[in-house]
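The values are calculated or read from the model by the stated rules, or taken from the named source; none is laboratory data. Here the structure is a predicted model, which is why all the values come from computation and not from measurement. For neighbour counting, all protein chains shown are included, and Cβ atoms are generated from backbone atoms with ideal geometry for every residue, glycine included.
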2 protein chains.
Amino acid sequence: MDEATAFVPGHVTAFFSAHRDDDPTKAGSRGGGLALSDGVRVTVSRADERGDAGADADPGLYLDDDAIEMDSVARVLQALRVENARIEATTPLPLGSGFGVSGATALGTALAAGQVYERPLSEAELVTIAHGAEVQAGTGLGDVVAQARGGVPLRLEPGAPAHGRMDAIPSGPRRVEYLALGQLSTEAVLSGDTDQLSAAGERAVSTVAGEPTMGTFMEAARRFAREAGLLTDELRAVVTDVSDAGGDASMAMLGETVFALDTGLSDAGYDPAVCEVHRAGAVLE
Amino acid sequence: MDEATAFVPGHVTAFFSAHRDDDPTKAGSRGGGLALSDGVRVTVSRADERGDAGADADPGLYLDDDAIEMDSVARVLQALRVENARIEATTPLPLGSGFGVSGATALGTALAAGQVYERPLSEAELVTIAHGAEVQAGTGLGDVVAQARGGVPLRLEPGAPAHGRMDAIPSGPRRVEYLALGQLSTEAVLSGDTDQLSAAGERAVSTVAGEPTMGTFMEAARRFAREAGLLTDELRAVVTDVSDAGGDASMAMLGETVFALDTGLSDAGYDPAVCEVHRAGAVLE
């Protein structure tokens, strides 16, 4: 196969606790979030076999046609012993705003490169490679396993499939709106003191695991956003506007982004992007 | 919510080993199979609230409009303390032919009834209820967990989510053809001596887990079908015809059914039903 494409849903984390470990397959997070139908489509092809196809034959990673570097993707390729691949990723989601774009690109690269380069690896092994790459790059702790599962994933125990434990809140089709106000560096937050944040995250996971409904989930999300101390004034104002209009909104971890269920943001007078809960996990297309 | 609908993919098991346990959440099977885009769509509604809606208000289970009894479904409703529900299931798949129709109907009922009756249960809890119901009904050991996951699921450890362990072979879109020749009672096979079958199943799982590719999967499937001693002369003849035509086919466990990848059965001159590998698991629609 010369080329393969994977689609990986976006993912906003609503609450989480950080768990460090020297073994990147054991490191990760507990938490809960929403997989989104706005995601990342990743096509991997053998650049070295395109011959004189011109500019499109250059190896490297391209996000919406721009050449970029992503440490998570470089680490996936290294783990799979893949050289000279061309990776074309497209997404409607903004980078650095809490949608798991780096995790999605890493996972999509793992799934598609596994096909193109015929690596005899299972889904869990490819997810493990992408999770480990993301953890080592410092760009995320739980998006990859959530994106592999889809829906409204709960990360009950941290880590890659062999160590972590997942569940999910049952959800039918559900509209999600989001408003990205700016960027927030996952690396900067995670490299600081996360004790208070993690304590709040543990409480949120425990509450939602005990009553896995969307109502409990959004309530826990809002409480976590307050307790974790990451809400800017602007984020707080938008979340309050949505509440005042009778809706349900919170902050995407980690980005300066508000997400809402149903028509929460529109009802409050904002002009959000619209997608829905993506009930399936990452797939090869 | 007065009504909810779930879609559950069909599932053919290619190889398996049976694992009994007094705890139905620990009982189950190791094995591998294919989730199919031909599946069961289950709508649950509150019969008691339809008032004078006429015949459509009767509670009970209807499969393609015929009233039927399924022990697995009755047990799911009992576990969820649901009474007077009307359950309408539709499927292109034949019953008793190895497609996991009873498991799919049980799982679809659990997911949809959980929504209608607002049971605060997670996906894993609903899957556990359906798995336990199927095991206790004696109609299946591994379809439910495979149908919850989708794709080309490998059941590495038996049981419901808390005890079992799943993985999957990565697969892009892939055509599947099948030919149902007749019925085979899962209960009758599983209540007999399964030692030889299970030993062959353990070997198959171990081989495929070591090299999770579709080629290895189909080879292990054919070897298992021979070793388990379940191939009838007619099944054997069809599988041989497909091989002779250059294709890849094996027997669906447990049914008098042949399944093939791609155009295996058509190429051998048969007139099979056609669907594809369903890469997503069961979902609420």
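Structure data summary
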quantity: Contacts under 7 angstrom Cβ, first residue in the stretch B:138-158 being under 17 Å from A:Gly151 (Cα atoms) and surrounded by 24 or more Cβ atoms within 10 Å (Cβ to Cβ), partner of a type in the set (Val, Ile, Thr) and at pLDDT 95 or above, 6 or more apart; calculated: B:Val145/B:Val127; B:Gln147/B:Val8; B:Ala148/B:Val127; B:Gly151/B:Val277
quantity: Candidates A:Ala237, A:Ala220, A:Ala245, filtered to the one that is within 29 Å of A:Glu157 (Cβ to Cβ) and modelled with pLDDT of 90 or more; calculated: A:Ala220
quantity: Residues of the stretch B:252-285 that turn out to be charged (D, E, K, R) and away from chain A (no Cβ under 14 Å), as a count; calculated: 4
quantity: Total residues in the stretch B:78-114, condition at pLDDT below 95 and charged (D, E, K, R); calculated: 1
quantity: Failed condition for B:Ala249, given (1) touching a strand residue (DSSP E or B) at 6+ places or on another chain (Cβ under 6 Å); (2) within 14 Å of chain A (Cβ to nearest Cβ); (3) of a type in the set (Gly, Ala, Ser); calculated: (2)
quantity: Residues of the stretch A:105-135 classified as surrounded by 24 or more Cβ atoms within 10 Å (Cβ to Cβ), more than 16 Å from the chain's Cα centre (by Cα) and more than 10 Å from every other protein chain (Cβ to nearest Cβ), total; calculated: 1
quantity: Residue match in the stretch A:82-89 (condition: away from chain B (no Cβ under 14 Å) and out of contact with any helix residue (DSSP H, G or I) (no Cβ under 8 Å at 6 or more places or on another chain)); calculated: yes
quantity: Selection count, the stretch A:1-21, where residues are β-branched (Val, Ile, Thr), within 16 Å of A:Leu34 (Cα to Cα) and touching a helix residue (DSSP H, G or I) at 6+ places or on another chain (Cβ under 8 Å); calculated: 2
quantity: Considering residues of the stretch A:42-54 that are modelled with pLDDT under 95 and outside any loop (DSSP other than H, G, I, E, B) only, the residue surrounded by the most Cβ atoms within 10 Å (Cβ to Cβ); calculated: A:Arg46
